[in-house]
Amino acid sequence: IINVERYPLHPTFSFVVPKKEISMVPDMGKWRRSQAYADYMGFILTLNEGVKRKKLTCEYKVSETVEKLLDLLGTLDRWIDETPPVDQPSRFGNKAYRTWYSKLDQEAEALVATVLPESSAPAAQEIAVYLKEAVGNATRIDYGTGHEAAFAAFLCCLCKVGALRVDDQMAMVFRVFNRYLEVMRKLQKTYRMEPAGSQGVWGLDDFQFLPFIWGSAQLVDHPTLEPRHFIEDKVVNEHYPDYMFLECIKFINEMKTGPFAEHSNQLWNISAVPNWAKVNQGLIRMYKAECLEKFPVIQHFKFGSLLSVQPVKP
């Protein structure tokens, strides 16, 4: 499904610090034709296949690299505890987030180096950029699907240099991405981060998109749970430990008040879709259209040697 070629780490191969390449709306064509887009989408779809019909609680391999990634995320989590919010007049965007972020800015490369095998050590500088992009914006103190995409890009790069392998797929989603979600939710709550580029009630969710895609894949062909059930609190509370999608719904229910149909209209509409396979396909189409095809999201994406802006080779 995905051609994540191991990078030839011989002396002639040079990693670069990724940079922005999409500066105007007409540049979006460059993004759609790029090797980065093909690799990124291929990666998302590969993981989508990998978690189909699987529970969060099922058995899967947890490699040493996955353990190291969980340690890395644990460090980010600990820094939140060490950086309490400050008293300030405005309710949103607590400035303590900038203190937290500056720690990551300084330490990112060293953190990434701990995850990489020795043979891939030179890649740390390039891959660290995606980690820094994955946690929100320090100027605006906001977070959204573009930041989430940077985390998926970070994992994709780790696959490309051979740090993560094909048999890490389930652990990537169920352990690493899930832990990332926990840390991001803690950031959002602690520093009251604004949703980046939110479409308000017309967006799927204020902050995330990928866990809905992968979460709906988990539920494909479920013997009893249908899309219409996820708006029932009882179902959510009973099954959220097994399914990412329901975990997201639980978080929304904790954060928002009022009728579900009003605060999460898009999700409410999805509950009317007859089966999870259709939900999954629809969400993938929506992700491409609402996130990957939107200039305000993609203008921030950074390209390097691992995720290249060069056009896909025919």
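Observations, loosely collected:
- Residue within region 281-297 that is touching a residue at least 24 places away in the same chain (Cβ under 8 Å) and polar (S, T, N, Q) present: no
- Qualifying position, being β-branched (Val, Ile, Thr) and over 25 Å from Thr57 (Cβ atoms), among Val161, Val236: Val161
- Thr139 fulfils the conditions (1) closer than 19 Å to Pro296 by Cβ; (2) in contact (Cβ under 8 Å) with a residue 12 or more places away in the chain; (3) open to solvent by 10 Å² or more (accessible area, probe 1.4 Å) except for a single criterion, (2).
- Highlighted here are the helices (runs of 4 or more DSSP H) found entirely within region 237-314 that include at least 3 residues which are of a type outside the set (A, V, I, L, M) and buried (at least 17 other Cβ atoms within 10 Å of the Cβ): 244-255, 276-287.
- Qualifying residue in region 105-119 (condition: among the small types (Gly, Ala, Ser) and over 30 Å from Phe13 (Cβ atoms)): no
- Region 100-122: number of residues that are over 27 Å from Phe295 (Cβ atoms) and either open to solvent by 30 Å² or more (accessible area, probe 1.4 Å) or modelled with pLDDT under 95 (or both): 14
- None of Glu59, Glu5 is over 21 Å from Glu133 (Cα atoms), assigned to a loop (DSSP other than H, G, I, E, B) and modelled with pLDDT under 95 except Glu5.
Residue-wise test of (1) under 19 Å from the mean Cα position of the chain (by Cα); (2) closer than 29 Å to Lys160 by Cα; (3) outside any helix (DSSP H, G or I).
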{"position": "Leu73", "(1), (2), (3)": "yes, yes, no"}
{"position": "Leu76", "(1), (2), (3)": "yes, yes, no"}
{"position": "Asp81", "(1), (2), (3)": "no, no, no"}
{"position": "Pro84", "(1), (2), (3)": "no, no, yes"}
{"position": "Arg91", "(1), (2), (3)": "no, no, yes"}
{"position": "Tyr97", "(1), (2), (3)": "no, no, no"}
{"position": "Tyr101", "(1), (2), (3)": "yes, yes, no"}
{"position": "Ala108", "(1), (2), (3)": "yes, yes, no"}
{"position": "Val112", "(1), (2), (3)": "yes, yes, no"}
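- Of all residue pairs spaced 6 or more apart or on separate chains, those with beta-carbon atoms under 8 Å, a first member in region 44-60 that is among the polar types (S, T, N, Q) and a second member that is crowded, with 16+ Cβ neighbours inside 10 Å and in a helix (DSSP H, G or I) are Thr46/Gln169; Asn48/Ile213; Asn48/Trp214; Asn48/Ala217; Asn48/Asn280; Asn48/Ile284.
- Pairs are defined by a Cβ separation below 6 Å, a sequence spacing of at least 6 or placement on different chains, a first member in region 242-267 that is at pLDDT 90 or above, and a second member that is outside any helix (DSSP H, G or I) and open to solvent by 30 Å² or more (accessible area, probe 1.4 Å); the pairs so defined are Asp242/Lys55; Asp242/Thr57; Leu246/Tyr240; Glu247/Tyr240; Lys250/Tyr240; His263/Lys256.
- Residue-level analysis places Glu67 among those that are free of Cβ contacts under 8 Å to residues at least 24 places away in the same chain, not basic (Lys, Arg) and not in a loop (DSSP other than H, G, I, E, B).
- Whichever residue in region 151-173 is open to solvent by 10 Å² or more (accessible area, probe 1.4 Å) and part of a helix (DSSP H, G or I) and, among such residues, is nearest to Glu118 (Cα to Cα): Cys159
- Considering region 114-143, the residues that are out of contact with any helix residue (DSSP H, G or I) (no Cβ under 7 Å at 6 or more places or on another chain) and assigned to a loop (DSSP other than H, G, I, E, B) include one that is nearest to Gly203 (Cα to Cα), namely Arg140.
- The set of residues in region 36-56 that are open to solvent by 40 Å² or more (accessible area, probe 1.4 Å) and either closer than 18 Å to Ala163 by Cβ or modelled with pLDDT under 95 (or both) is empty.
- Filtered residues of region 268-277 (kept if without any contact (Cβ under 8 Å) to a residue 40 or more places away in the chain and either touching a Lys or Arg at 6+ places or on another chain (Cβ under 6 Å) or closer than 30 Å to Arg32 by Cβ (or both)): Asn269
- Taking region 203-228 as the range and being in contact with a Ser or Thr (Cβ under 6 Å, 6 or more places away or on another chain) and assigned to a loop (DSSP other than H, G, I, E, B) as the test, the residues that pass are Asp206, Phe209.
The values are calculated or read from the model by the stated rules, or taken from the named source; none is laboratory data. Keep in mind the model is a prediction, meaning the values are calculated, not measured. Ideal geometry is used to build each Cβ from the backbone, glycine not excepted, and the neighbour counts take in all protein chains shown. SASA here: full protein model, heavy atoms, side chains in, ligands and nucleic acids out. Shrake-Rupley method; radii C 1.70, N 1.55, O 1.52, S 1.80 Å.
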